[in-house]
Amino acid sequence: MKTNKWIWLNWVGFIFTIAVNALDGGKTGRISDSIITLFKPAGYAFSIWGLIYTILLIWLILQSIPKFKEHELAKKIGPWFLISCLFNAGWIVSFTFELFVVSVVVIVGLLLSLIVIYSKIDRETKGLRFKLPFSLYLGWVSVATIADIFLTINAEGVTSWLGIGDAGWTMIMLVVGVVVALLFMFANRDPIYPLVFVWAYIAINFESDNGLVDTTVLGSVVLLLAGYIFLLVRMRRQVSVSK
């Protein structure tokens, strides 16, 4: 398929996603609030969707400019961006109808489609401006996937697994999230991805009333910020050496 056709299909997919989100009317938030789980960011954290959609809109506009629309990268990403839009809208629908297990399957599909998009961008260019929309998007969906799994488990009435309760698994997954974020950051030289985890973890701290979880969150944030600063310093030194 020609690149410009993918651009139009991506516009359709994006507008469809925004429309489904608008029709939701905040129902997903109300459902989420009704289910008790410790791995849940405070409501304000979800305002990041506004930033994600704004940056994606700018990205789509740039893809529509003649200078960029025949670029090979746009052609490679096109199908996967459309797929990600369908998964995004599908998650809203499944969650709204409280099909929680289905919602987990769908959000994992969204996560995988974003990983494919990111990997294709990373192979073509190392410029952060090309990665930015999907660094942000992928980072948030990574956290949202964990949160959705926790919510689904609690909604199904499961209170413990392998003898470990909700608080224990929350602390484990917080640490796993830190490891994933740091490995991703250093492997891709991407300082944006871990900042999304920082944003989400601080919001989890605001929502949590568990002392052990709060301590784990704060320790995780410190590690993420330390890794972030270390990467920035190393990148700056490498730029200085190359000059």
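Working carefully through the options Ile117, Ile107, find the one that is more than 12 Å from the chain's Cα centre (by Cα) and surrounded by 15 or more Cβ atoms within 10 Å (Cβ to Cβ). Going through Ile117, Ile107 in turn, just one is more than 12 Å from the chain's Cα centre (by Cα) and surrounded by 15 or more Cβ atoms within 10 Å (Cβ to Cβ): Ile117. Against the conditions (1) under 26 Å from Ser94 (Cβ atoms); (2) surrounded by fewer than 16 Cβ atoms within 10 Å (Cβ to Cβ), where does Leu162 fall short? Just the number, please. Looking at each condition in turn, Leu162 falls short on (1). Condition first: over 19 Å from Asp33 (Cβ atoms) and either of a type in the set (Lys, Arg) or in contact with a Leu (Cβ under 6 Å, 6 or more places away or on another chain) (or both). Now tell me which residues in region 198-216 satisfy that. Answer for region 198-216, where residues must be over 19 Å from Asp33 (Cβ atoms) and either of a type in the set (Lys, Arg) or in contact with a Leu (Cβ under 6 Å, 6 or more places away or on another chain) (or both): Val198, Thr216. Does at least one position in region 41-56 carry a residue that is of a type outside the set (Phe, Trp, Tyr), under 19 Å from the mean Cα position of the chain (by Cα), surrounded by 15 or more Cβ atoms within 10 Å (Cβ to Cβ) and not in a helix (DSSP H, G or I)? Checked region 41-56: at least one residue is of a type outside the set (Phe, Trp, Tyr), under 19 Å from the mean Cα position of the chain (by Cα), surrounded by 15 or more Cβ atoms within 10 Å (Cβ to Cβ) and not in a helix (DSSP H, G or I). Does any residue of region 157-170 turn out to be touching a Pro at 6+ places or on another chain (Cβ under 8 Å), assigned to a helix (DSSP H, G or I) and not acidic (Asp, Glu)? Checked region 157-170: no residue is touching a Pro at 6+ places or on another chain (Cβ under 8 Å), assigned to a helix (DSSP H, G or I) and not acidic (Asp, Glu). Can you say whether Phe39 is in contact (Cβ under 8 Å) with a residue 60 or more places away in the chain and not polar (S, T, N, Q), as far as the supplied structure shows? Considered against the rule, which asks whether it is in contact (Cβ under 8 Å) with a residue 60 or more places away in the chain and not polar (S, T, N, Q), Phe39 comes out as yes. In the set (1) under 26 Å from Asp190 (Cβ atoms); (2) touching a Pro at 6+ places or on another chain (Cβ under 9 Å); (3) buried (at least 16 other Cβ atoms within 10 Å of the Cβ), Leu82 fails one condition alone, (2). Under 6 Å between Cβ atoms, at least 6 apart or on separate chains: pull out the pairs that start in region 186-197 with a residue that is under 11 Å from Leu138 (Cβ atoms) and end on any residue that is not in a helix (DSSP H, G or I). Nothing qualifies. Is it the case that Ile18 is touching a residue at least 60 places away in the same chain (Cβ under 8 Å) and not polar (S, T, N, Q)? Judged against the criteria, Ile18 is not a match.
The sole residue among Leu62, Leu82, Leu73 that is more than 22 Å from Ser142 (Cα to Cα) and in contact (Cβ under 8 Å) with a residue 40 or more places away in the chain is Leu73.
Residue-wise test of (1) within 18 Å of the chain's Cα centre (by Cα); (2) surrounded by 13 or more Cβ atoms within 10 Å (Cβ to Cβ); (3) at pLDDT below 90; (4) within 18 Å of Val175 (Cα to Cα).
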residue: Val196; (1), (2), (3), (4): yes, yes, no, yes
residue: Asn210; (1), (2), (3), (4): no, yes, yes, yes
residue: Leu224; (1), (2), (3), (4): yes, yes, no, yes
residue: Phe230; (1), (2), (3), (4): no, yes, no, no
residue: Arg237; (1), (2), (3), (4): no, no, yes, no
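State yes or no: is Tyr137 touching a Ser or Thr at 6+ places or on another chain (Cβ under 6 Å), touching a residue at least 24 places away in the same chain (Cβ under 8 Å), of a type in the set (Phe, Trp, Tyr) and farther than 18 Å from Val213 by Cα? No; evaluated as a whole, the condition is false for this residue.
The values are calculated or read from the model by the stated rules, or taken from the named source; none is laboratory data. Since the model is a prediction, treat every value here as computed from it, not as a measurement. Glycine gets a Cβ as well: all are built from the backbone with ideal geometry, and neighbour counts include every protein chain shown.
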